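Read through the structure below, which is laid out as structure tokens, and then see the notes.
The values are calculated or read from the model by the stated rules, or taken from the named source; none is laboratory data. None of the values given here were measured: they were computed from a predicted structure. When we count neighbours, we look across all protein chains shown, and the Cβ atoms used for this are built from the backbone with ideal geometry, even at glycine. Note: areas computed on protein heavy atoms with side chains; ligands, DNA, RNA excluded. Shrake-Rupley method; radii C 1.70, N 1.55, O 1.52, S 1.80 Å.
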Amino acid sequence: MISPSSLSPAQAAARLEEFTVIDVRAPGEYASGHVPGALNIPLDRLGEAVPALKSASARGSLLVVCASGVRSTRACEILADADIEATTLTGGTSAWEGDGRGLDRPDGARATWPMERQVRLAAGSLVVAGLLAGRRFPAARWLSAGIGAGLVYSAVSDTCGMAAVLSKLPHNRAPRSGAGLDATLDALQG
């Protein structure tokens, strides 16, 4: 098995032309701003892309990017299990932009919160709703307990069911004018 490596934004920027950049965020997040030249393959669809990514990695190095580096690290682990060498961008697009580097934003793209922020809002709102409803209907407190248990499971398993559900919402889908996964996979096949 291949061990995933990482690069800082400065290191990645200095070598950006050497990489095929893969952004594993939800299409809505990707559309709101991505590393120049990045192709979007959402993490939950990475398995479908393994053959195309294997082909692309045979021609050059892969740099995997997300918002903070968590999903891209997970993607690199998945790719390593498939004997595909990939490097993650430390700190993701947040660090890239924070380092003064520009992001490509398609015309008409709307800003979408990073998935981690959407999960925090949804989980926090459900916990508060469960506690407030529990004042009148004590059984409603189980909603808060269930969300808490889900967050613990998420941390232990390094997965996030809530993110998977939220990624299906309309604002997290690719804009109609954007290229779909099939076009991205075709481009990777070269």
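Under unit Cβ charges (Lys, Arg +1; Asp, Glu -1), what dipole magnitude, rounded to 20 debye, does the stretch 51-190 have relative to its Cα centre? Present the calculation step by step, with values, prior to reporting the outcome.
Numbers: 15 positive and 12 negative charges, 174 e Å.
Dipole of the stretch 51-190, to the nearest 20 debye: 840 debye.
How high is the FRET efficiency between ASP158 and ARG135 when r is their beta carbon distance and R₀ equals 35 Å, given to the nearest 0.05?
The pair ASP158/ARG135 has a calculated efficiency of 0.50.
Which residue, LEU63, LEU126, LEU89, tops the fluctuation ranking in a GNM of the chain built on C-alpha contacts under 10 Å?
Its mean-square fluctuation being the largest, the pick is LEU126.
Anyone know which of VAL24, VAL70, VAL156 comes out most mobile in the 10 Å Cα GNM of the chain?
Comparing VAL24, VAL70, VAL156 in a Gaussian network model of the chain, the most mobile one is VAL156.
Cα centroid distance between the stretch 16-45 and the stretch 70-119, in Å?
That distance is 7 Å.
Mind listing the long-range amide H neighbours of SER6? Cut-off is under 5 Å, sequence gap 5 or more, other chains count too, H placed in the peptide plane at 1.01 Å from N.
For SER6, whose amide H was placed from the backbone, the distant partners under 5 Å are THR88.
Taking a spot 7 Å from the Cα of ARG117 along the direction of its beta carbon, which residues of the stretch 15-56 have an amide N less than 17 Å from it?
25-35
Apply 1/(1 + (r/R0)^6) to the Cβ-Cβ distance of ASP44 and ASP186, taking R0 = 25 Å, and write down the FRET efficiency to the nearest 0.05.
With a Förster radius of 25 Å, E is 0.80.
Using a simple charge model, +1 on the beta-carbon of Lys and Arg, -1 on the beta-carbon of Asp and Glu, nothing else, what dipole does the stretch 50-111 show about its Cα centre, in debye to the nearest 20?
140 debye
Kindly provide the trypsin sites (Lys or Arg not before Pro) of the stretch 2-83 that DSSP labels as loop, not H, G, I, E or B, and whose Cβ sees at most 11 other Cβ atoms within 10 Å.
none
Of the labelled options (i) 62, 41, 32; (ii) 66, 45, 39; (iii) 46, 43, 35, which one gives Cα extents along the principal axes in Å as computed for this structure?
Read-out taken from this structure: (i).
Quick one: divide the alpha-carbon radius of gyration of the stretch 24-81 by 2.2 N^0.38 Å and tell me what you get.
Against the empirical 2.2 N^0.38 Å value, I get 1.06 for the stretch 24-81.
Taking 22 Å as R0, compute the FRET efficiency from the Cβ-Cβ separation of ASP104 and LEU169 and round it to 0.05.
0.45
When the dipole is taken about the Cα centre of the stretch 1-110, and only Lys, Arg (+1) and Asp, Glu (-1) are charged at their Cβ, what size is it in debye, to the nearest 20?
100 debye
Counting only heavy atoms of the protein chains, get the accessible area per residue of the chain (1.4 Å probe) and round it to a whole Å² value.
About 54 Å² of surface per residue is accessible.
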